[in-house]
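The values are calculated or read from the model by the stated rules, or taken from the named source; none is laboratory data. Computed from a predicted model, the values in this text were never measured in an experiment. Virtual Cβ from ideal backbone geometry, glycine too; neighbours counted across all protein chains shown. The protein model used for the area step is the full one, side chains on, heavy atoms only, and it has no ligands, DNA or RNA in it. Shrake-Rupley method; radii C 1.70, N 1.55, O 1.52, S 1.80 Å.
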Amino acid sequence: MNETIRELLTRVGGLPVAVTELEDGADLYAAGLSSFASVQLMLGLEEAFDIEFPDSLLNRKSFASIAAVEQTVSHILKAREAA
Amino acid sequence: MSLPAFAADMSLSARAQRVATVAAEFADRVDHDGRFPREAVDAMKAERLIGIQIPTAFGGEGASIAEIAEVCSILGQACAASAMVFAMHQIKVSSLVEHGGDSEWHRDFMRELAGRQLLVASATTEGGIGGNMRNSICAIEVDGDTCRLTKDATVISYGAHADAIMVTSRSNEKAAPTDQVMTVFKQGQYTLQKTVDWDTLGMRGTCSDGFLFRGEAPSMQIFPKPFAEIAAQSMLATSHLLWSAMWYGIAADAVLRAQAFVRAAARKAGGTQPPGALRLAEASNLLQLLKAGILSGLRIYADAKADHDQLSSMAFSIAMNNVKLASSETILTIINQAMIICGIMGYKNGTPYSLGRHLRDAHSAQLMISNDRILGNTSTMLLVQKPDTSLLG
Ligand SMILES: Cc1cc2nc3c(=O)[nH]c(=O)nc-3n(C[C@H](O)[C@H](O)[C@H](O)COP(=O)(O)OP(=O)(O)OC[C@H]3O[C@@H](n4cnc5c(N)ncnc54)[C@H](O)[C@@H]3O)c2cc1C
């Protein structure tokens, strides 16, 4: 999952730095993630993992770092399994 | 005069009304000369309205955004430029109240602001970036305990008349354009070199000249939170709500003038309905719609403040954007209706039904953070956000 997120981030993130150089915990907004790019990232994740982000997770926190994105996506996948 | 007459009514709305009386007296001159509404702002300070939002613990009155919106609306009915100065100041204060509590310097500044009634201006707009306030070119330089900033600030309302300015910038020289901070600079800690004159269609009294800002201050004056959070959690909402409230004031006064016109015509018409009456009913309908939109926005904000996740959610941003879009467009339709009702008496300056100033001031609303830009942001969010279609939710 980490790899998919990094691939998407490279493709749609529009970051001024190389995604490979970002630590999992690095602040994506400080790295230059715009709100437009964060939406593109969400759309990419919805497509890649066949999920939909519930409204409660559509906030800055969920996309603050690669680790946070991983956690958010895992959370949705788990919730789906449980359902 | 009886004794009770000396005891002035100290309720917030009575104080705002007294300021509005002063503002109304000078409104046409402020507009015509494009000068700062000094008398109205002095009256705000005398009535101690400048510090009302500061928590009581720091010497203020802890006024809510809804209460401040009411003051904006009262002032907006008298002089839009004065009301806008008040609204913009309170927007800056909201950042201080919501995000400055953890820092000793900012707490002290709140005390000073309430005590001395300090007027705070805003420098977010930057040459080369325009209204995209979530991006900066300029960067603050932190050198030990001191920070320095130079900014090509193309619009700073009442910049030359403020007691302090809050300025956004990148957090350091290497930072990405979106990695921003906001810093409070007090008068004496900065120089302003005028670069652009504010000679505009309306809102002439806000004196929103452009300046080359150069500041140096203790680095403690940088807000301890990223500007991204400040923007999302206080500035976006308070800007859209307080601007809308004062725009509502402009429209409400226009409808009042149109109603006075129709009533005077009805008295003369002796039993027949005057021609403007139907349009007046339409305008009153739109005014209520406008009011309902703002009130619902104020409620959404109050609810979201209790829950920080909600404050940074897309649903909340979209709701606030929608308040701004609707208010800024609706006021133009309403004032235009009022103008048609009053006819040439509305078009002319210096009549009791004059609406030129209202219409010109109102035209700034769509540009003040361009509606196209806001629509663009909302449309991006709608690609992923799922709307709540319940009526009461
Ligand atoms: C009365 C008044 C007082 C103000 N006071 C202050 C102040 O005190 N401090 C301060 O910092 N600023 C202030 N401003 C500036 C304000 O906050 C905005 O920055 C400014 O109005 C936007 O200017 P702009 O139209 O040049 O820029 P832009 O937002 O860049 O817009 C320019 C044009 O491009 C279009 N456009 C640009 N980007 C997009 C996009 N992404 N999507 C669609 N269309 C786009 C817009 O439709 C517009 O026509 C004030 C403005 C007004 C009217």
Scan of the range B:195-232 for residues that are over 14 Å from B:Ala123 (Cβ atoms) and among the charged types (D, E, K, R), ordered by number: B:Asp197, B:Asp199, B:Arg204, B:Glu216, B:Lys225, B:Glu229
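Is it true that B:Asp199 is at pLDDT 95 or above, touching a Gly at 6+ places or on another chain (Cβ under 7 Å), open to solvent by 10 Å² or more (accessible area, probe 1.4 Å) and among the acidic types (Asp, Glu)?
Judged against the criteria, B:Asp199 is a match.
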For the range B:218-233, which positions are away from every other protein chain (no Cβ under 14 Å) and either open to solvent by 10 Å² or more (accessible area, probe 1.4 Å) or among the small types (Gly, Ala, Ser) (or both)? B:Pro218, B:Ser219, B:Met220, B:Ile222, B:Pro224
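B:Gly350 - would you say it is surrounded by 21 or more Cβ atoms within 10 Å (Cβ to Cβ), of a type outside the set (S, T, N, Q) and more than 15 Å from B:Gln77 (Cβ to Cβ)? Please lay out each step first, then the result.
On the way: surrounded by 21 or more Cβ atoms within 10 Å (Cβ to Cβ): no; of a type outside the set (S, T, N, Q): yes; more than 15 Å from B:Gln77 (Cβ to Cβ): yes.
Judged against the criteria, B:Gly350 is not a match.
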Give me a count of the residues in the range B:354-387 that are among the aliphatic types (A, V, I, L, M) and open to solvent by 20 Å² or more (accessible area, probe 1.4 Å). 8
Before we move on, is B:Phe86 part of a helix (DSSP H, G or I), touching a Cys at 6+ places or on another chain (Cβ under 7 Å) and either of a type outside the set (Gly, Ala, Ser) or near the ligand (Cβ under 9 Å from one of its atoms) (or both)? yes
Which one of these does B:Glu282 not meet: (1) open to solvent by 30 Å² or more (accessible area, probe 1.4 Å); (2) outside the structural domain of B:Ala362 (by TED's automatic domain parsing); (3) in contact (Cβ under 8 Å) with a residue 12 or more places away in the chain? (2)
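For chain A, which fully contained helices (runs of 4 or more DSSP H) count at least 2 residues that are within 13 Å of chain B (Cβ to nearest Cβ) and modelled with pLDDT of 90 or more?
In chain A, the matching helices (runs of 4 or more DSSP H) lie at A:35-49, A:66-82.
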